[in-house]
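Reading through the structure tokens given below for one structure.
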Amino acid sequence: MGAVTTAVIAIAGAILGWITIEVACKPCLEKGREAIDRNLNPDYDPDDNNDVVSSSNIRSPLIPTPNPNSDLDPNFPAAKQV
């Protein structure tokens, strides 16, 4: 009878531990599960993702070209040299 009681207590402890981790790490676990679901979805195409901000476009230049209609002269330094 002692072995059955120990087994029941161990199983109950494991279940309570699992529930505690699920509640404590809920936001992180949800993001991970969404990522797994997206990757396992055969209809998901990362190129069709509309959530990407346009400034983080992979094909945009790292240093954008200056606006030719700008009031600043590109040959004139913006800071005064001392």
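Looking at R59, R33 in this structure, which one is part of a loop (DSSP other than H, G, I, E, B), modelled with pLDDT of 65 or more and among the basic types (K, R)?
R59
Would you mind stating whether D73 is out of contact with any Ser or Thr (no Cβ under 7 Å at 6 or more places or on another chain) and modelled with pLDDT of 75 or more?
No: the conditions fail for D73.
The values are calculated or read from the model by the stated rules, or taken from the named source; none is laboratory data. Every value quoted in this text rests on a predicted model; they were computed, and no experiment measured them. For neighbour counting, all protein chains shown are included, and Cβ atoms are generated from backbone atoms with ideal geometry for every residue, glycine included.
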